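One structure follows; several queries about it will come next.
Please treat every number below as a calculation from the coordinates, not as lab data. Bear in mind that the values here come from a model prediction, so they are computed numbers and not experimental data. A quick note on method: Cβ atoms are made from the backbone with ideal geometry, for glycine too, and the neighbour counts reach across all protein chains shown.
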Amino acid sequence: QGQLVESGGGLVQAGDSLRLSCSYSGNILRGHAMGWFRQAPGKVREFVAGITYNGGGTYYADSVKARFTISKDNANDKLYLQMNDLKPEDTAVYYCASNHDGHIATAAIAYSFWGQGTQVTVSS
């Protein structure tokens, strides 16, 4: 239940941009906040950005606040993460997820459904 599929990751140089996409099932995730998380090898999964169902509210981790933008297109059941000025420290597997309810949460345990992840690698 609650399948989400990420795409858009790749290999880039520092300073480049990428746009990640997440396709989701609207009938399952309707009304739930969504978010992007990332996990680097040997690190815990960390919150990147969150958004309310209708896109009216957003929240970002301090490490990406000035560089990343989260958005949604409910008409097409899509979640996006625009990543600008990428840095080597952004290298990780990026996951989209749906929250248990309509609140934006920063803890991974608050999210019910997860995608398979897409790799982002940033070289110096």
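How far apart, in nanometres, would the label points at E46 and Q116 be if each is projected 7 angstrom from Cα along the Cα-to-Cβ direction?
That separation, rounded to one decimal, is 2.7 nm.
Please compute the contact order of the chain in relative form: average sequence separation of alpha-carbon pairs under 8 Å and at least six residues apart, divided by the residue count, as a percent. Before the final figure, lay out each step's value.
Numbers: 320 pairs, mean separation 45.7, N = 124.
37 percent.
Cα to Cα, under 19 Å, and not fewer than 8 places away if on the same chain: which lysines meet these conditions relative to K87?
K43, K65
Also, I was wondering about something else. Work out, step by step, the length gained on full extension between S63 and Q3: first 0.36 nm times the residue separation, then minus their alpha carbon distance; give nm to one decimal. Could the numbers behind the result be given before it?
Values: separation 60, 0.36 × 60 = 21.60 nm, distance 2.79 nm.
Between S63 and Q3, full extension yields an extra 18.8 nm.
Could you order peptides 58-65, 83-90 by the average number of other Cβ atoms within 10 Å of their residues, highest first? Provide the component values of the computation, followed by the final result.
Working: 58-65: 15.1, 83-90: 16.6.
The packing order, highest mean first, is 83-90, 58-65.
Further, regarding this structure: Which aspartates and glutamates have a Cα less than 19 Å from the Cα of K72, not counting those fewer than 8 places away in the same chain?
E6, D101
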